[in-house]
Amino acid sequence: KPSISPLKNLNSTINSYALAKDKEIETLQENATFRKEFIADISHELKTPIFAASGYIHTLLDGAVEDEAVRYKFLERAAKSLNALDNLVGDLLTLNRMENRVVKFHLETFDLKDLILEVIEQLENKAEKRDVTVRFYFDKAKKYHITADKDKIFRVCQNLISNAIKYNNEGGEVNVDLKAEKKKVHLSVKDNGKGIPEEDVKRIFERFYRVDKSRSREGGGTGLGLAIAKHILEGHNSKIKVESVLGKGSTFSFSLPEAKS
Ligand code: ADP
């Protein structure tokens, strides 16, 4: 027995070393695939606004510039495409920094109710244009204090409420509900819009995943909003929940610990 034991040990050491190496290679391969797919996605997404802006500018150069009305319209559209490109690059940088965990969170204590009032005010025009009514329910007597990165939580709320407006029907409703219960502050954003097909629900937090591509781009979407929102909430040890019924609407919600004020 003593004579075979060292060999057995050596064998099992070699085996576990080989297994670890296999795992390492697998991870490297996965990373390489991820990177390749990411670059392919980015290139495709960047091409769309560049192609559009370039098309308008070339048409102007080919003679359309002589017509005053066309000139203005085409310049306006080229500017809109460049704006979309700018938003896309900004979102890509943010997402990349989040995925590499180089983003710092600046924590402060504030009332989530005030932040939401600001978000709703900022989105008023957008809602009006689509004839969508946004209602905000909260208890005036209550405080909704949380300790979090205010700018980043602003971004999450802006994304959720803006999506609820964007993916709603003309004349639709958005109900924003804020509650403080069991030492937590809960926010839910409910719309009665088009809803999300069941098979797509778990994928909408992936970068560039869109259920309806044309609608997303028309509304100025980059397809990165929910991916960024998910990272932000994960950075606060929280996550976004979603419930959706096709044709009826969706509810997005999250909770954060209530801060002692
Ligand atoms: P974007 O709105 O820029 O496309 P997001 O990451 O914010 O990107 O959303 C990803 C996708 O999830 C959207 O393209 C849309 O298809 C779907 N989605 C998000 N919010 C809603 C909603 N409230 N109702 C229906 N679909 C939604």
Going residue by residue through region 112-125, is there one that turns out to be without any contact (Cβ under 8 Å) to a residue 60 or more places away in the chain and either closer than 30 Å to ALA40 by Cα or of a type in the set (Lys, Arg) (or both)? no
Test: LEU256 is part of a strand (DSSP E or B), more than 10 Å from the ligand (Cβ to nearest atom) and open to solvent by less than 60 Å² (accessible area, probe 1.4 Å): yes
Which numbered condition ASP91 misses (of (1) among the charged types (D, E, K, R); (2) open to solvent by less than 30 Å² (accessible area, probe 1.4 Å); (3) touching a Gly at 6+ places or on another chain (Cβ under 6 Å)): (3)
If you scan region 231-251, which residues turn out to be in contact (Cβ under 8 Å) with a residue 24 or more places away in the chain and either within 10 Å of the ligand (Cβ to nearest atom) or touching a strand residue (DSSP E or B) at 6+ places or on another chain (Cβ under 8 Å) (or both)? ILE232, LEU233, GLY235, HIS236, ILE240, VAL242, SER244, LEU246, GLY249, SER250, THR251
Note: among SER188, SER162, just one is under 30 Å from ASP41 (Cα atoms) and within 17 Å of the chain's Cα centre (by Cα), namely SER162
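The values are calculated or read from the model by the stated rules, or taken from the named source; none is laboratory data. Bear in mind the structure is a predicted one, so any value in this text is a computation, not a measurement. Here the Cβ is made from the backbone with ideal geometry for all residues, glycine too, and neighbour counts use every protein chain on show. Heads up: the accessible areas ignore ligands, DNA and RNA and are worked out on the full protein's heavy atoms, side chains in. Shrake-Rupley method; radii C 1.70, N 1.55, O 1.52, S 1.80 Å.
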